[in-house]
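Heads up: the structure comes next, in structure tokens.
The values are calculated or read from the model by the stated rules, or taken from the named source; none is laboratory data. If you're wondering where the values come from, they're calculated on a predicted model, not measured in any experiment. Positions of Cβ are backbone-derived with ideal geometry, glycine not excepted, and every protein chain shown enters the neighbour counts.
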Amino acid sequence: MLGFIQVLDRCSVQSEYDFNMKFKIIQRAALGCAALFIMAIPASAKKPEEQAAYDKSKDIGTKAPEGADVPFDGTMESVKKHWAMWPKQDMEITWKVVQSPTDNGMTLMTDGGKRWGTHDLVTKKNYHDFEGHVEFVMMGSRGDGKAEGYSNSGVYLQNRHELQIESPKGKNTADPYNWKIGPHGIAAVCMEHLPKGNAWRPNGQWHAFHFIFIAAEWDGEKLKQPARLSLWWNGIKVHDNVSVKHANGGVKNGPTDQPLKLQEHGQDVRFRNIWIKEIK
């Protein structure tokens, strides 16, 4: 619109007719710009269960299939039996078992208040090819109870490839994909792949990651074929057999099988219904 004004300002207004024409042109330009601006605002995403691609069998409440490992059954005994701290596996487990914010079930809560990367939790068992399911809720506060409107954690496949858990900083938690977060936002394969859809639920509501992971193929220390991943976020398939190469904050890429890891990042994030079934 500024261009219209600048051009017209170079012209002298010779009559009332000229003035009226100039005003109408500016008015139409302004209306056109407003329409374009409105069209550019991204619409809020539908709830996952309202989207055509929704698959209820990959959302919260999905039961572990026969033969799956269930490393958390709601008790601290199961945590001590199936999990260890990382990177110092001889540390005493600092994570807590606490009640769900939505029901009477018990959940596994991040340690909270510690520097990220020092108090993660890994399964004692290593995995190669597998199907898995992890449910989590972001509380939008630190583990010490101080609210900050932000949550961060992650699910690491083979303690290498991070499925990001993150909510926006500040109060805009209605739809984080109206907030520019790049390849570090929720359901991203961290620093590698953005999700191909938006299945966001606000802080305080449960999310589900359901995934199928095929490990990389190696010839000694030489990579022959990168790992492959499919991920459903709250029942929406957001990664479809994508190639995964980036190791983000866990162990380096290599031919060894590694555990599933849950990341401690200093915020209050809680987990439940965790299971892993090996693909043989």
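For the range 52-154, the strands (runs of 3 or more DSSP E) that sit wholly inside it and include 3 or more residues that are at pLDDT below 95 are 130-142.
Looking at the range 213-234, which of the residues that are aliphatic (A, V, I, L, M) and over 12 Å from L163 (Cα atoms) is surrounded by the fewest Cβ atoms within 10 Å (Cβ to Cβ)? Let's see the steps before the verdict.
So in the range 213-234, the residues aliphatic (A, V, I, L, M) come out as 214-216, 223, 227, 229, 231.
Next cut, over 12 Å from L163 (Cα atoms) only: 214-216, 223, 227.
Numbers: I214: 17, A215: 22, A216: 20, L223: 15, A227: 21.
So the residue we want is L223.
Taking first residues from the range 233-250 that are farther than 16 Å from H210 by Cα and in the same structural domain as G154 (by TED's automatic domain parsing) and partners that are among the acidic types (D, E) and part of a strand (DSSP E or B), the Cβ contacts under 8 Å between residues at least 6 apart in sequence or on separate chains come to N248/E162; G249/E162; G250/E162. Only a single criterion out of (1) surrounded by 13 or more Cβ atoms within 10 Å (Cβ to Cβ); (2) without any contact (Cβ under 8 Å) to a residue 24 or more places away in the chain is not satisfied by E77, namely (1). Taken over the range 76-113, the criterion of being among the charged types (D, E, K, R) and more than 21 Å from the chain's Cα centre (by Cα) is satisfied by E77, K80, K81, K88, D90, E92, K96, D103. The residue pairs whose first member lies in the range 211-232 and is closer than 15 Å to Q258 by Cα, whose second member is in a strand (DSSP E or B) and of a type in the set (G, A, S), and whose beta carbons are closer than 6 Å, counting only pairs six or more residues apart or on different chains, are A215/A227; A216/A227. Applying the set (1) surrounded by fewer than 23 Cβ atoms within 10 Å (Cβ to Cβ); (2) touching a His at 6+ places or on another chain (Cβ under 8 Å) to G249 leaves exactly one unmet item: (2).
Among the residues of the range 247-259, is there at least one that is at pLDDT 90 or above and among the aliphatic types (A, V, I, L, M)? For the range 247-259, residues at pLDDT 90 or above and among the aliphatic types (A, V, I, L, M): present.
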